[in-house]
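Just so you know, all these numbers are worked out from the coordinates, no wet-lab data involved. A quick note: this is a predicted structure, and the numbers were derived from the prediction, not measured. A quick note on method: Cβ atoms are made from the backbone with ideal geometry, for glycine too, and the neighbour counts reach across all protein chains shown.
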Amino acid sequence: MTAYRLTELLYEGKAKRVHATDQVDLVAVEYKDDATAFNALKKAQLAGKGELNCRISALLFEVLAAAGVPTHYLGLAPEPLAANWMLVRPVRVIPVEVVIRNVAAGSLCRQMPIEPGTPLEPPLLDLYYKDDAFGDPLLTEARLERLGLMNADQRRELERLALQVNAVLTGLFQSVGLRLVDFKIELGITADQQLVVADEISPDTCRLWDEAVADSNDRILDKDRFRQDLGGVVEAYGEVLKRIQGVCPQPRVHR
Ligand code: 5GP
């Protein structure tokens, strides 16, 4: 028996549904099998993806918690909810996507004269305005200030947290032969005004390359397999889960 009851659907995104519960400090996140890319112009159903992303996110949130990075994660959901459900603290999500790049790939190489695969040292940190209607545009310092999305202290804290997430996850993935090329995180503010990592961290939101594979397509173990029609998306996500399971704390179940 669970000590809470699901109430209304708060929000449905492209890859997750967020449900309220009868406890004000508890929100349930349901990871969907829907895959979308290019601002949802490309769509598919990939059986098993929701569960894999939920489990991978849970493991990565456990590792971040152990490293002292605050997140919205409380634990996996107990039965009768299925294995694609996670329990989190409610937050006000800041509509900013924080992207950290350790290796040049994706939009960076389409927008700048930088060869794909170029190592970026120090890592590049970019902020994007999270709004599909505008195509998630790159934010400048001045635009961020104009939109009033966060104050200077929150901005500094956000960047500090994002770089800490990068340091922790780069080391973790490296230990299992994976290169963390880049990733996107979202941050939220809790009821007690704490800035925390929210949303998910999974192969949907990270680029991960198998270090042992030289071929530039075969090494991809993330959503680029879907974006580029390479096939084997769920298998690649399964491989990521299999590798990190051995080096992460067992995900807690929040009761
Ligand atoms: P890029 O800017 O190259 O498209 O993405 C950089 C990194 O951030 C990639 O790992 C990509 O998966 C992630 N990312 C950026 N924007 C989004 C987004 O709107 N949704 C998801 N799922 N990932 C994103």
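Before moving on, here are some points about what is shown:
- The charge dipole of the chain, taken about its Cα centre with unit charges on the Cβ atoms of Lys, Arg (+1), Asp and Glu (-1) only, comes to about 140 debye.
- Ranking of R143, R89, R55 by count of other Cβ atoms within 10 Å, fewest first: R143, R89, R55
- The slack in the chain from D218 to I189, taken as 0.36 nm per residue of separation less the alpha-carbon distance, amounts to 6.6 nm.
- Gain on full extension, evaluated as 0.36 nm per residue between D132 and A40 minus their Cα-Cα distance, stands at 32.2 nm.
- Take 233-240, 131-138 and order them by the average number of nearby Cβ atoms within 10 Å per residue, most first; the result is 233-240, 131-138.
- Extent along principal axes [Cα atoms of the chain; Å; largest to smallest]: 53, 43, 36
- The order of Y4, Y11, going from fewest to most other C-beta atoms within 10 Å of their C-beta, is Y11, Y4.
- Candidates per trypsin sites (Lys or Arg not before Pro) in the stretch 65-118, loop by DSSP, up to 16 other Cβ within 10 Å: none
- Contact order normalised by residue count of the stretch 92-231, Cα under 8 Å, 6+ apart, percent: 23
- Convex hull volume per residue for the stretch 157-255, taking Cα atoms only, in Å³: 122
- Debye-formula intensities of the stretch 92-231, expressed as log10 I(q)/I(0) at q = 0.15 Å⁻¹, are -0.79 (one equal scatterer per alpha-carbon, no solvent).
- Potential lengthening between A142 and T7 on full extension [0.36 nm per residue; Cα-Cα distance subtracted]: 44.6 nm
- With the cut-off at under 13 Å, measuring from each backbone N in the stretch 34-71 to a point 7 Å along the Cα-to-Cβ line of A83 picks out 48-56.
- Note on D25/R156: beta-carbon distance plugged into 1/(1 + (r/R0)^6) with R0 of 35 Å gives a FRET efficiency of 0.80.
- For the chain, the mean residue ellipticity at 222 nm estimated from helices alone is -8500 deg cm²/dmol, where every DSSP H run of n ≥ 4 contributes -39500 (n - 2.57) and the total is divided by all residues, rounded to the nearest 500.
- Contact order normalised by residue count of the stretch 6-88, Cα under 8 Å, 6+ apart, percent: 25
- Pairs of Cα atoms nearer than 8 Å and 6+ residues apart set the relative contact order; for the chain it is 21 percent.
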